[in-house]
Every structure is written in structure tokens, then in C-alpha cells.
Amino acid sequence: MTKLSFTTPIKLPFSYFLNQDVIFLAKDLLGKVLFTQIDGKITAGIIVETEAYFGVHDKASHAYGGRRTDRTETLYSQGGISYVYLCYGIHHLFNIVSSVEGEPHAVLIRGIEPLIGKDIMEERRKMSASKGAISAGPGSAAKALGIDRSFNKKDLGGDEIWVEDHGIRYDEEQIAASPRVGVAYAQDHALLPWRFFIKENKYVSKPNKI
DNA sequence: AAACGGATTGGCT
DNA sequence: GCCAATCCGTTTC
């Protein structure tokens, strides 16, 4: 299923997030390991579901048409920082801002497979890590990792939140691409296949199962 | 100043 | 499957 090679885990360098091809990045982030450290508690999960948001050109993006507000300002930062916002008044959704300064591209993290600190995640989510629901879906994944609004605009190269490459690679046939979830309002952009996920992985959200 | 509605989730029917 | 929860950024009056 998941292929592991025994390379030393490497924190992704700042330059990784400067890539201007956010569609490539959304797919390439699958298998990377997302870490948080909060009050000394370290949790991490393998990224198994993402969505690409193509900046000013994307009707589903908060920055569509170049819109700049207090909230979206974060998206215009240089790649390598986090964009966290509150959705439906309840859920914190975590994105990785990418590309160069002024290009508001971002990758929404929609699902992680618990890897490190599972007991801490179980406490946060009040359910067993063996249940897919513990970290499937963007709100659940963020909560399992302890991500809230205070993580907005944080540097992904710091010691509070970062991404590592553990050498986890998926074959092309293990990866599915489908329309993004919950963006019906985006009209002709609603059906773009910019959601990427690992097939058969239980930590992938249910909507649109492909 | 007030109203609207969302990149969702989980509990109840 | 349906629907309420619950907040605040954004739009509109």
C-alpha cells in the first residue's frame, strides 16, 4: 500500500513552497508529513488528501479576481506560510500558501493519516485513531493537529508547524484526481479536477468519493 | 449598522 | 440522508 524508503526525514525547505505550479504542489504534497508542536506536544500525519486553489484565476479561491481583504491578505504572502480561516463558524481550515509573493496560490489540506502523537490526536478528537473520521476532512484534520486561527500566517519552517519528507511515495495509480468539494458556487471552475487523494485510504473525506 | 452565508461536521431521523 | 451548530468576514442598506 504505502511505500516507505529509509531516508532520513527532511524538513521541506522554504524553496519547495515557492513553486509556482500549485496544481503540481497539491499532488506532490501527498505523502509528505505535516507536523505541529503545541506546548511541547508533537503530532504529525501523512497528507493523503489536498485541493489546489489557483489564486486570482480561480473562482473558488478567496483571492479570486485579486480580491484583497484582511482575511485574504495572508494568501498574497510568499509561499511557505499557513493560511487558516474559520469556516461555518466552527471549523478551522488549514492551507499551505505557495508561489511567490503577490501570487495567492494555496493548497488546502483535507486529510491526514495519523503518524506521530496519535494519543494526543485521540484526546483532541475524542475518538480512536483507527477511525478514519479522526482526521478525514479539512476541519477534522486541522483539529487533530491542534490547528486553530492562531496558526494563521505562521512560517512553515519554524518549530510550531512544518512539513517533512519521509520518503513516502505513491504510485500514479494510487492517486485520484476529482472535482473539489463544496465549491459548487464556483460555476465553470467547480468541476476542475484539483482535488487529489490516495485511493482506498480511510483518512480521505467521504464527499465526492470520486 | 445589519444581514448574509460559507473550501464542514456530527448527531439525529 | 437531513439539518442545526455557530462565527465573523464581507456585502449591502
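The values are calculated or read from the model by the stated rules, or taken from the named source; none is laboratory data. Treat the numbers as computed from the prediction; the structure is a model and nothing was measured. Virtual Cβ from ideal backbone geometry, glycine too; neighbours counted across all protein chains shown.
Taken as a whole, segment A:67-79 holds at least one residue that is away from DNA strand C (no atom under 16 Å from the Cβ), of a type outside the set (S, T, Y) and more than 23 Å from A:G182 (Cα to Cα). Tell me whether segment A:163-179 contains one or more residues that are under 15 Å from the mean Cα position of the chain (by Cα) and within 16 Å of DNA strand B (Cβ to nearest atom). No, segment A:163-179 contains no residue that is under 15 Å from the mean Cα position of the chain (by Cα) and within 16 Å of DNA strand B (Cβ to nearest atom).
If I filter segment A:63-79 down to residues being over 18 Å from A:K27 (Cβ atoms) and within 16 Å of the chain's Cα centre (by Cα), which single residue comes out as surrounded by the most Cβ atoms within 10 Å (Cβ to Cβ)?
Ranking the qualifying residues of segment A:63-79, first place goes to A:L75.
Once segment A:80-122 is narrowed to residues that are in a loop (DSSP other than H, G, I, E, B), away from DNA strand C (no atom under 16 Å from the Cβ) and under 17 Å from the mean Cα position of the chain (by Cα), the residue that is surrounded by the fewest Cβ atoms within 10 Å (Cβ to Cβ) is A:G80. Checking each residue in segment A:45-57 for being out of contact with any helix residue (DSSP H, G or I) (no Cβ under 6 Å at 6 or more places or on another chain) and within 15 Å of DNA strand C (Cβ to nearest atom) picks out A:Y53, A:G55.
Check whether at least one residue in segment A:13-30 is basic (K, R) and either in contact with a helix residue (DSSP H, G or I) (Cβ under 9 Å, 6 or more places away or on another chain) or exposed (fewer than 15 other Cβ atoms within 10 Å of the Cβ) (or both), and report yes or no. No, segment A:13-30 contains no residue that is basic (K, R) and either in contact with a helix residue (DSSP H, G or I) (Cβ under 9 Å, 6 or more places away or on another chain) or exposed (fewer than 15 other Cβ atoms within 10 Å of the Cβ) (or both). The set of residues from segment A:122-145 being closer than 18 Å to A:K32 by Cα and either away from DNA strand B (no atom under 12 Å from the Cβ) or out of contact with any His (no Cβ under 9 Å at 6 or more places or on another chain) (or both) comprises A:S135, A:A136, A:A141, A:A144, A:L145.
Within the set A:D159, A:D188, the sole residue that is in a loop (DSSP other than H, G, I, E, B) and out of contact with any Asp or Glu (no Cβ under 6 Å at 6 or more places or on another chain) turns out to be A:D159.
I'm trying to understand the selection: among the residues of segment A:123-152, which are of a type in the set (K, R) and more than 16 Å from the chain's Cα centre (by Cα)? The answer is A:R124, A:R125, A:K126, A:K131. Against the conditions (1) within 11 Å of DNA strand B (Cβ to nearest atom); (2) over 24 Å from A:L192 (Cα atoms), A:E73 satisfies every one except (1).
Just one of the numbered conditions (1) near DNA strand B (Cβ under 9 Å from one of its atoms); (2) more than 10 Å from the chain's Cα centre (by Cα) is not true of A:F54: (1).
When the residues of segment A:167-205 are narrowed to those that are of a type in the set (S, T, Y) and at pLDDT 90 or above, which ends up farthest from A:C87 (Cα to Cα)? This residue is A:Y170. Scanning segment A:77-104 for residues that are within 12 Å of DNA strand B (Cβ to nearest atom) and either aromatic (F, W, Y) or without any contact (Cβ under 8 Å) to a residue 60 or more places away in the chain (or both) returns A:Y83, A:Y85, A:C87, A:Y88, A:G89, A:I90, A:H91, A:H92, A:L93, A:F94, A:N95, A:P104.
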